[in-house]
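Working notes for the structure below.
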Amino acid sequence: MPRRLDATDPADREAALTLAVAALRAGGVVAFPTETVYGLGARARDASAVEKVYALKGRPPWHPLIVHLGDAEMMDDWACVPEVASRLAEAHWPGPLTMVLRALPGVPKGVTGGAPTVALRVPGHPLALELLRALGEGVAAPSANRYGRVSPTRAEHVVAEFEDTPSEGDAALLVLDGGPCAVGLESTIVDLSGSSPRLLRPGGIPASALAAVVGPFTSARGAEGAAERPPAPGDRPRHYSPDVPTRIVAAAELAFAPPDVAVLAMRAAPPTRSEGAAPWLELGFDASSYARDLYAALRSLEASRPSAIWVEKVPTAEPWRAVADRLGRASGNPPQPEEST
């Protein structure tokens with residue numbers, strides 16, 4: 001059973017951080033909040049600790065991890081840093097941006113998935129930064145959930161996800177509770193390892209905001225593009241998925257959802273929805289608040305054990321692009337990437 005460390009109360013924060021840093025230095029795994037989702041962290045240069053992360057998640061060894069850093073200057077310890085990466089770091093770090101760069105010799109294969117690239121980011125959550133800076137080294141941290149499942153945005157999600165994980169004494173998974181995540185969706189991932197920037201995953205920073213710094217960038221598309229594309233977290237066609245069938249439907253179809261089907265919509269349930277039917281959750285029409293609440297809503301609907309979940313189709317243009325991507329992958333039908341931005 002994971003051990004929750006409450007860092008939401010200032011009186012407990014220092015003690016919780018001390019325990020978390022000690023656990024990481026001892027080769028343990030600590031779940032901690034970022035502004036995007038909770039991460040499942042281990043010291044990135046500790047091969048045995050990184051193996052524990054893969055084992056806990058059930059993550060394939062070829063699927064790379066993001067190395068979280070306390071500040072942008074630490075990039076030079078991990079990668080060849082082009083000028084464009086420095087400009088993006090200055091504009092958007094700390095924040096929900098991950099950069100894929102050419103890895104330096106000696107970067108552990110456990111965090112790169114065997115690729116010649118490494119994914120780096122400086123998170124924007126104050127507690128995450130305190131943890132990383134107190135530790136003084138990089139932390140490899142995928143989302144703190146079983147592989148392919150809905151990402152956690154609250155400490156209780158992490159505890160529930162790993163409640164059946166066996167532990168012995170001090171080896172228990174520690175969960176550093178910093179409250180709900182403010183962004184709620186994973187970071188934007190940009191590949192800077194080639195001749196031009198490419199968008200690998202939409203996320204917490206809109207593509208237009210990145211393009212304002214680096215100019216147009218491309219998004220790999222088709223078989224030829226996919227062959228050139230470096231591996232990136234969350235790039236599977238089915239990911240971020242509840243344990244029940246999930247389907248994207250048009251707004252007009254929602255009224256015909258059977259009583260045993262849960263609904264995630266932008267609008268309120270119609271008066272014809274029968275009393276006692278599976279839950280209907282309304283997330284509204286604001287993209288930022290929808291993104292913040294999305295994963296908690298999916299977890300809540302899943303917990304009601306419906307026969308399926310129907311999700312109202314959302315717009316695909318900014319600022320909805322990252323939401324549309326996650327919902328598409330949750331249903332196994334991700335949107336096709338834009339050719340360029």
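The values are calculated or read from the model by the stated rules, or taken from the named source; none is laboratory data. Everything quoted here is computed from the prediction, not taken from an experiment. Note: ideal-geometry Cβ built from the backbone for every residue, glycine included; neighbour counts use all protein chains shown. Side chains are part of the model used for accessible areas, which takes the heavy atoms of the whole protein and leaves out ligands, DNA and RNA. Shrake-Rupley method; radii C 1.70, N 1.55, O 1.52, S 1.80 Å.
At full extension, Ala317 and Glu156 could sit 54.8 nm farther apart than now, given 0.36 nm per residue minus the alpha carbon distance. With the simple spin-label model, which puts each label point 7 Å out from Cα in the Cβ direction, the Asp286 to Phe256 separation comes to 3.3 nm. Couplings for segment 208-214, taken from phi via the Karplus curve 6.51 cos²θ - 1.76 cosθ + 1.60 with θ = phi - 60°, read 5, 5, 6, 4, 5, 9, 10 Hz in order; Gly and Pro are left as x.
So if the hydrodynamic radius of the chain is defined as the Kirkwood radius over C-alpha pairs, what does Stokes-Einstein give as its diffusion coefficient at 4 °C and 1.567 mPa s, in µm² per second?
Reported coefficient: 64 µm²/s.
Over the chain, accessible surface divided per residue gives 41 Å², non-protein components excluded, 1.4 Å probe.
Across all Cα pairs in segment 1-70, the calculated P(r) in 5 Å bins from zero up to the longest distance comes to 3, 15, 25, 27, 18, 8, 4, 1, 0 percent per bin. Taking amide H as placed 1.01 Å from N in the peptide plane, Thr8 has no amide H partner under 5 Å among residues 5 or more places away or on another chain. Amide H to amide H, with H built 1.01 Å from N, Thr117 comes under 5 Å of Ala103, counting only residues 5 or more places away or on other chains.
Each label was represented as a point 7 Å from its Cα along the Cα-to-Cβ direction; for Ser208 and Ser304 these points are 3.4 nm apart. Pro259 sits among other residues whose Cβ lies under 12 Å from its own Cβ, and their net charge, with Lys and Arg +1 and Asp and Glu -1, is -1. For the pair Tyr147 and Asp6, the difference between a 0.36 nm per residue extended length and the Cα-Cα distance amounts to 48.2 nm.
Out of every Cα-Cα pair in segment 1-122, what percent are more than 17 Å apart?
60 percent
State the extension gain, in nm to one decimal, for the chain segment bounded by Arg133 and Arg267, taking 0.36 nm per residue of separation less the distance between their alpha-carbons. List each step's numbers first, then the result.
On the way: separation 134, 0.36 × 134 = 48.24 nm, distance 4.25 nm.
Taking Arg133 through Arg267 to full extension adds about 44.0 nm, to one decimal.
How high is the FRET efficiency between Glu163 and Arg247 when r is their beta carbon distance and R₀ equals 30 Å, given to the nearest 0.05? That gives a FRET efficiency of 0.60.
Sites listed here are chymotrypsin sites (Phe, Trp or Tyr not before Pro) in segment 232-341 whose DSSP assignment is loop and whose Cβ has at most 15 other Cβ atoms within 10 Å: Phe285. Between Ser48 and Trp62, the modelled labels are 2.8 nm apart [label points 7 Å from Cα along Cα→Cβ]. The equivalent ellipsoid of segment 270-341 has semi-axes of 25, 14, 11 Å, largest first, where each one is the square root of 5 times an eigenvalue of the Cα gyration tensor. Loop-located chymotrypsin sites (Phe, Trp or Tyr not before Pro) in segment 56-159 (DSSP state other than H, G, I, E, B) with a sparse environment of at most 16 neighbouring Cβ atoms within 10 Å: Trp62, Tyr147.
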